[in-house]
Amino acid sequence: MPDLEHRRPLASRQTAWAQATVRMLAKTPITPNQVSFLSMVMAGVAGLAFAFSGDTAGALRIVLLLAAALFCQLRLLCNLFDGMLAVEAGRAADDGPFWNEAPDRVADTLILVGAGYGSGMPELGWAAAALAIFTAYLRAFAQSLGQPADYRGPMAKPQRMATLTIAALLCLTAPMLGLSIGFVLEAALWLIVLLAAVTCWRRGRRIRKLLRAKACQPQ
């Protein structure tokens, strides 16, 4: 059975277009696990588009940046629809929890590292990816302790993808502002790194606070 208690709260699940899409997917043989796998494919395309955008120019650069923005959002749509297909359409599989988590870690790495190479600072992309994985680890660790899932930001997965999507679109106008694509992507990655570190601190602080409160409770 899906773990509804620890499900990420998303207002988009209640929208008419999301519900209609899931009803359409429910009429096909597509499984939630396949949609989860597809999220990695979308992330791979976004990561490659980011990586190559720094070394191209002209129309090809525009295409790559638009593709990076588009496939970041398609990755998020896959994350939305795999869960809805599992829960709302009743197609949850026994190994669903694995496919709900593992592809996200791969997808984050592919996109953030790709953006790092596109910015000319691959080490920054790897740092952002490490922090993204650590935020997810802290959430999962809290759940393993019986604590509520903590999806707080300020730089959780939706915020990371929004930041990179906006950065990709800003890169289209960067030359007109006298800025390089590398500068825009680097700035976005620094923002992700700094705010992801804050996110890790907030989640870690909450875990410690709840553990201390539990220890103080009378046995």
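A few notes on this one:
- Counting only residues that are outside any loop (DSSP other than H, G, I, E, B) and surrounded by 17 or more Cβ atoms within 10 Å (Cβ to Cβ), segment 120-132 holds 7 of them.
- Pairs meeting the criteria (first residue in segment 142-167 and more than 20 Å from Ala102 (Cα to Cα) and open to solvent by 20 Å² or more (accessible area, probe 1.4 Å), second residue assigned to a loop (DSSP other than H, G, I, E, B) and of a type in the set (A, V, I, L, M), beta carbons under 9 Å, at least 6 apart or on different chains) are Thr163/Met155.
- Any hit, segment 136-157, residues being at pLDDT 95 or above, over 19 Å from Phe52 (Cα atoms), polar (S, T, N, Q) and part of a helix (DSSP H, G or I): no
- In segment 87-116, residue nearest to the chain's Cα centre (by Cα) [restricted to those that are over 16 Å from Phe71 (Cβ atoms) and buried (at least 19 other Cβ atoms within 10 Å of the Cβ)]: Asn100
The values are calculated or read from the model by the stated rules, or taken from the named source; none is laboratory data. As the structure is a prediction and not an experimental result, all values here were calculated from the model. Don't worry about glycine lacking a Cβ; one is built from the backbone with ideal geometry, like all the others, and counts go over all protein chains shown. Keep in mind that these areas ignore ligands, DNA and RNA; they rest on the heavy atoms of the full protein, side chains included. Shrake-Rupley method; radii C 1.70, N 1.55, O 1.52, S 1.80 Å.
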